[in-house]
Amino acid sequence: MKYRHLSLFCLLLSMLFVHPSYSIEPQNLFVIKKQLINYYETGHYQVDVQKVIDHAKIYLRDRIQSNNLLSHPKKLAIVLDIDETSLSNYPYMKELDFGIDSPLLSSLIFESEDPPIKPTLELFKYALQNHISIFFVTGRFEKMRSLTVNNLNRAGYSGWTELFLKPSSYHENSAIPYKSAVRKLITDEGYDIVLNIGDQKSDLDGGYSDRTYKLPNPYYYIP
């Protein structure tokens, strides 16, 4: 019996050295890029965006109805991010082969030709029709104000209340302090932010909104 245990131990020891363990190889980058293109160009991305916006619209509709029944209705507002929430940079991202080079992407954005994300535009128009104030809070810097206003108007977004852009002096590693501070400012002005919609978790974290909705964005990450 002793020799049997010894033989088994030797066998296990030999297997350990003959068959070393390997890490799991990550998905090949070329394959991932093909998946990103397929997700967008087969329409799955648009379907997922529409689902999120549909849920947001239902909630907004219910809040509008309940607010109208109040003896003293609240000043309702929604907050929208811009890139990959209200406007799409997909053509530029694909042109750059999804290598998000900030200077190159910014130069392309300066052309002010980003198309609208249609479900968000529909929600925007619904909010306007119901006299809801709309605030854009974007991670774009202040120097891009005029081109951003031009692009929003060209894409069909007109009639919004205010556009907030990041000051050039902002150097935090995360967008959360900036965006949450802006939402606090809006609420301090007496608004009830019913919806806050963005494509990044950092668009939504930090409070000062009743309900948050995240749109899909597998293309880049902003902390």
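Read the figures in this text as sums done on the coordinates, not as results from a lab. Nothing here was measured: the structure is a model prediction, and the numbers come from that model. All Cβ positions, glycine included, derive from the backbone under ideal geometry; neighbour counts span all protein chains shown.
Please state the charge dipole magnitude for segment 71-223, taken about the Cα centre, from unit charges on C-beta atoms (+1 on K and R, -1 on D and E), reported in debye and rounded to the nearest 20.
Approximately 400 debye in magnitude.
At 37 °C and 0.692 mPa s, what whole-number value in µm²/s does Stokes-Einstein give for the translational diffusion of segment 67-223, with Rh from the Kirkwood sum over Cα pairs?
For the chosen part, D equals 204 µm²/s.
Explain nothing, just compute: Karplus ³J(HN,Hα) = 6.51 cos²θ - 1.76 cosθ + 1.60, θ = phi - 60°, for every residue of segment 190-207 in order, whole Hz, x for Gly and Pro.
3J(HN,Hα) across segment 190-207, in whole Hz: x, 8, 9, 7, 6, 10, 10, 10, x, 9, 10, 4, 5, 6, 10, 6, x, x.
I need the phi-derived Karplus couplings for segment 208-223: 6.51 cos²θ - 1.76 cosθ + 1.60, θ = phi - 60°, integer Hz, Gly and Pro marked x.
Karplus values, whole Hz, x for Gly and Pro: 6, 7, 6, 8, 10, 9, 9, 7, x, 7, x, 9, 7, 10, 10, x.
Check cross-link reach from Lys75 to the aspartates and glutamates: straight Cα distance under 14 Å, and skip same-chain residues fewer than eight apart.
Once the sequence-local aspartates and glutamates are set aside, what remains near Lys75 is Asp188, Glu189, Asp192, Asp210.
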